[in-house]
Amino acid sequence: MSLPKDFLWGGAIAANQAEGAYQEGGKGRALVDILPAGKERWEALYNPKKALETKYDYYPSHRAINFYHTYKEDIKLFAEMGFKVFRTSISWPRIFPNGDELEPNQEGLKFYDDLFSECHKYGMEPLVTINHFDTPLYLVEKYGGWRNRKLIEYYERYAKVVFERYKDKVRYWLTFNEINMLLHIPFFGGGLIIDDDENADQIKFQAAHHQLVASSLATKAAREINGSNFKIGCMLAAGEIYPYSCHPHDLLKSVKENQKQYFFIDVQSRGAYPSYTKRMFRELGVNLQMEADDERLLKEYTVDFISFSYYSSRLTSADPAINAGNKSGNAFGSLRNPYLEVSEWGWQIDPIGLRVTMNNLYDRYQKPLFIVENGLGAVDKLENETVEDDYRIDYMREHLKQMMEAVDDGVDLLGYTSWGCIDLVSAGSGEMKKRYGFIYVDLDNEGNGTGKRYKKKSFDWYKKVIETNGEEL
Ligand code: P53
């Protein structure tokens, strides 16, 4: 069992969790820039109205790990590990500070030009997310975020600008990060603020429709600008939803819940609203507003590959009493699976679930897959200028084994980029304490520290993995 020779090994970050410099180079504010860190973060994610009024002025996305200024030395370290690919995102408000301007911000464009050149210096392919949880704040305040159809136009303009500008430097693009996050954290995914008296499903699926059309329009622009030299991907927060028991009711529930996640990818990959949406929308009271050309665009401009994040499988029961209890720790409201261990943040650990998810995704779409996020968020202790993070190595080893099993099952896989290859600010908690990296960054939750980089034990381990193309785990 071996991986293809040109397998794309690497790591992933996102602009808003790493760059900092949040008002430098003409950058406007993104929706994440007003969110607090720590306990208040979760509350703010679900009650963004208060965050919009307060405009928390915390350190996380404002200074982050200062990647805006340190990218050269950081990329050098990635190159030392042998990265073939580096996933990052373009900050939308660096290019269009408010989002609805006609002309882009040249300083922002230059930054990514330099960044992508730096990657190529080491033969590293950039893999670029166009929108990763950082819609310009102005578009949220003035237009209500993605509930407004206007955003399609602004996103399309932004996508065209970056395609034109980086067509010789970037081949792999993702239109929206974890597009299904719109259902779970609608503020993150779509800048949505939903009133109590509104039908939340109506707002979320309408916003989803706008993003799906935007994704198709971006794909159309990509084809026009650079033909098949561009590879356009969708991106799902994946993780199979298991049935709580072998009771048929539970299995049916898991089928339905999985459809609700796959929904986005069904449209982006197959090019049409799947048959099950008719009933799903009826039951949720969703009535989508579409324009005449929408269905044609969705049909004509589908993605080339399917990328996804995988942290865990999920679990659901048809029994409301069971389903209400004992939840595991992240945005998906999964039940605790008694067979699985959990991370310090309560995220369940299920390497076999990765193999299951890959098999199902590939069966469903039969397009190449790309694992663009996977990893363990943990508390690390810096001792003698390093971190003995055997727990991270164990986590990754088990996932990589299952990944290779899935490839042996016949799944076509383009590459693997571990999440947070360098420590960065956590999306869910806004803190530094939850670390994913092979490289330790000396900063704490308040932003105190030298910012200095240290190689963890996993650094050399991953280097070996890449060197041997996964033979030595
Ligand atoms: P953090 C929740 C559940 C699954 C994926 O998350 C998620 C989230 C959001 O918290 O987001 C993705 O930092 C996302 C990254 C994020 C990463 O997972 O909360 O694409 O931006 O950092 C890990 O531990």
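The values are calculated or read from the model by the stated rules, or taken from the named source; none is laboratory data. If you're wondering where the values come from, they're calculated on a predicted model, not measured in any experiment. Neighbour counts run over all protein chains shown; Cβ positions are idealised from the backbone, glycine included. Accessible surface is based on the protein model in full, side chains and every heavy atom, while ligands, DNA and RNA are left aside. Shrake-Rupley method; radii C 1.70, N 1.55, O 1.52, S 1.80 Å.
Worth pointing out:
- Test result for Gly449, touching a Ser or Thr at 6+ places or on another chain (Cβ under 9 Å), more than 21 Å from Met403 (Cβ to Cβ) and part of a loop (DSSP other than H, G, I, E, B): no
- Subset of the range 16-36 [open to solvent by less than 20 Å² (accessible area, probe 1.4 Å) and part of a loop (DSSP other than H, G, I, E, B)]: Glu19, Gly20, Ala21, Gly25, Gly28, Leu35, Pro36
- Hey, Ser216 over 22 Å from Glu43 (Cα atoms), hydroxyl-bearing (Ser, Thr, Tyr) and open to solvent by less than 20 Å² (accessible area, probe 1.4 Å) or not: yes
- All positions within the range 116-142 that are open to solvent by less than 40 Å² (accessible area, probe 1.4 Å) and either in a helix (DSSP H, G or I) or modelled with pLDDT under 95 (or both): Phe116, Glu118, Cys119, Leu137, Leu139, Val140
- For the range 13-34, a tally of residues being more than 15 Å from the ligand (Cβ to nearest atom) and of a type in the set (A, V, I, L, M) returns 2.
- Screening Asp250 against (1) open to solvent by 20 Å² or more (accessible area, probe 1.4 Å); (2) farther than 21 Å from Glu178 by Cβ leaves a single unmet condition, (1).
- Taken over the range 306-331, the residue count meeting the criterion of being hydrophobic (A, V, I, L, M, F, W, C) and touching a helix residue (DSSP H, G or I) at 6+ places or on another chain (Cβ under 6 Å) is 3.
- Identity of the residue in the range 265-301, part of a loop (DSSP other than H, G, I, E, B) and aliphatic (A, V, I, L, M), that ends up modelled with the lowest pLDDT: Ala292
- Of the residues making up the range 324-362, just one is of a type in the set (Ser, Thr, Tyr), within 11 Å of the ligand (Cβ to nearest atom) and either under 11 Å from Gly239 (Cα atoms) or buried (at least 22 other Cβ atoms within 10 Å of the Cβ) (or both), namely Ser334.
- Qualifying residue in the range 341-353 (condition: in a helix (DSSP H, G or I), out of contact with any helix residue (DSSP H, G or I) (no Cβ under 7 Å at 6 or more places or on another chain) and within 29 Å of Trp42 (Cα to Cα)): yes
- Of all residues making up the range 44-76, the number that are aliphatic (A, V, I, L, M), surrounded by 20 or more Cβ atoms within 10 Å (Cβ to Cβ) and in a helix (DSSP H, G or I): 4
- Check on Met432, among the aliphatic types (A, V, I, L, M), buried (at least 23 other Cβ atoms within 10 Å of the Cβ) and within 11 Å of the ligand (Cβ to nearest atom): yes
Yes or no, residue by residue, for (1) within 25 Å of Trp347 (Cα to Cα); (2) touching a residue at least 12 places away in the same chain (Cβ under 8 Å); (3) within 16 Å of the ligand (Cβ to nearest atom):
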{"residue": "Met181", "(1), (2), (3)": "yes, yes, yes"}
{"residue": "His184", "(1), (2), (3)": "yes, yes, yes"}
{"residue": "Gly189", "(1), (2), (3)": "yes, yes, yes"}
{"residue": "Asp196", "(1), (2), (3)": "no, no, no"}
{"residue": "Asp201", "(1), (2), (3)": "no, yes, no"}
{"residue": "Ala222", "(1), (2), (3)": "no, yes, no"}
{"residue": "Lys231", "(1), (2), (3)": "no, yes, no"}
{"residue": "Ser254", "(1), (2), (3)": "yes, yes, no"}
{"residue": "Gln261", "(1), (2), (3)": "yes, yes, yes"}
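- Scanning the range 333-388 for residues being within 17 Å of the chain's Cα centre (by Cα) and closer than 21 Å to Ile13 by Cα gives a total of 11.
- For Leu52: the one exception among (1) out of contact with any Phe, Trp or Tyr (no Cβ under 8 Å at 6 or more places or on another chain); (2) hydrophobic (A, V, I, L, M, F, W, C); (3) under 26 Å from Ser307 (Cβ atoms): (3)
- Residue match in the range 130-148 (condition: within 22 Å of the chain's Cα centre (by Cα), under 19 Å from Lys50 (Cβ atoms) and within 13 Å of the ligand (Cβ to nearest atom)): yes
- Matching option when the condition is under 23 Å from Asp33 (Cα atoms) and in contact with a Phe, Trp or Tyr (Cβ under 7 Å, 6 or more places away or on another chain), among Ile185, Ile152, Ile95: Ile95
- Yes/no for Val465 being more than 16 Å from the ligand (Cβ to nearest atom), in a helix (DSSP H, G or I) and either at pLDDT 95 or above or in contact with a helix residue (DSSP H, G or I) (Cβ under 9 Å, 6 or more places away or on another chain) (or both): yes
- Some residue of the range 254-274 being within 28 Å of Ile322 (Cβ to Cβ) and in contact with a Ser or Thr (Cβ under 6 Å, 6 or more places away or on another chain): yes
- Residue count for the range 221-249 under the criterion of being over 19 Å from Ser312 (Cα atoms) and more than 20 Å from the chain's Cα centre (by Cα): the result is 13.
- The range 303-319, residues that are assigned to a strand (DSSP E or B) and either open to solvent by 10 Å² or more (accessible area, probe 1.4 Å) or at pLDDT below 95 (or both): Arg314, Leu315
- Odd one out for Lys367, checked against (1) open to solvent by 20 Å² or more (accessible area, probe 1.4 Å); (2) out of contact with any helix residue (DSSP H, G or I) (no Cβ under 7 Å at 6 or more places or on another chain): (2)
- Per-region count, the range 372-422, residues within 16 Å of the ligand (Cβ to nearest atom) and either closer than 13 Å to Gly470 by Cα or of a type outside the set (Asp, Glu) (or both): 19
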